[in-house]
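Trainee: Have a look at the structure that comes next, please.
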């Protein structure tokens, strides 16, 4: 039970952290001839961060009621989504100048690089936090694939098959059926 709750909580937190990190400033920069600091958020760097982050959180919710086989499938999906987050974040981590090129083009009207227009830039820790969330999600997804089959079941509430009442013992549904057929469920016949 402890592995299940730890995995589910970790996956949900990783998705939430990635969603939060994507909405924060990733790169700050200043253009030549201005004294204003411009910023670019993670969602501006790559718009796919939000859907991937939301899918990770949704997977954590689905894992709460999934059966053993589907848990492993969802664990694999979470691992792939985590790897996707790392890949989406790596563009900003490896090349902050490339991450801000769209914003620089918007501000200067010059496409194809900054042309020396950017005199200063700084990468925020939020980009690293998003990458860490992706690594955490990928690791927990792999853990679900390995251990998910041993988790306890969700409970009778989610079972598809209903157990039949014991022979000779009436239940509420059979009482209603008896009433519908014109019988009296309170009689001892």
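Just so it is clear, none of the values below were taken in a lab; they were calculated from the coordinates. Computed from a prediction, not measured in an experiment: that's the story for all the values here.
Trainee: What do you get for the angle between helix 2-22 and the principal long axis of the chain? Use alpha-carbon atoms, 0 to 90 degrees, nearest ten.
Mentor: 40
Trainee: Angle check, please: helix 125-147 long axis (alpha carbons) against the longest principal axis of the chain (alpha carbons), in degrees 0 to 90, nearest 10.
Mentor: 30
Trainee: Say we join alpha carbon atoms closer than 10 Å with springs in a Gaussian network model of the chain; which of 87, 12, 60 then has the biggest fluctuation?
Mentor: 87
Trainee: Here's a follow-up. For helix 49-63, what angle does its Cα long axis make with the longest principal axis of the chain, in degrees from 0 to 90 and rounded to 10?
Mentor: 20
Trainee: Please state the relative contact order of the chain as a whole percent: Cα pairs under 8 Å, 6+ residues apart?
Mentor: Contact order relative to length: 31 percent.
Trainee: Turning to a different aspect of this structure: How much length, in nm to one decimal, is gained on full extension between residue 54 and residue 186, taken as 0.36 nm per residue of separation minus their Cα-Cα distance?
Mentor: Going from the current span to full extension adds 42.2 nm.
Trainee: Per 5 Å bin from zero, what fraction in whole % of the C-alpha pairs of the chain is there, up to the bin with the longest pair?
Mentor: 1, 8, 14, 13, 10, 8, 7, 7, 6, 6, 5, 4, 3, 2, 2, 2, 1, 1, 0, 0
Trainee: If you don't mind, there's one more thing I want to ask. Between residue 179 and residue 5, 0.36 nm times their residue separation minus their Cα-Cα distance comes to what?
Mentor: Going from the current span to full extension adds 58.1 nm.
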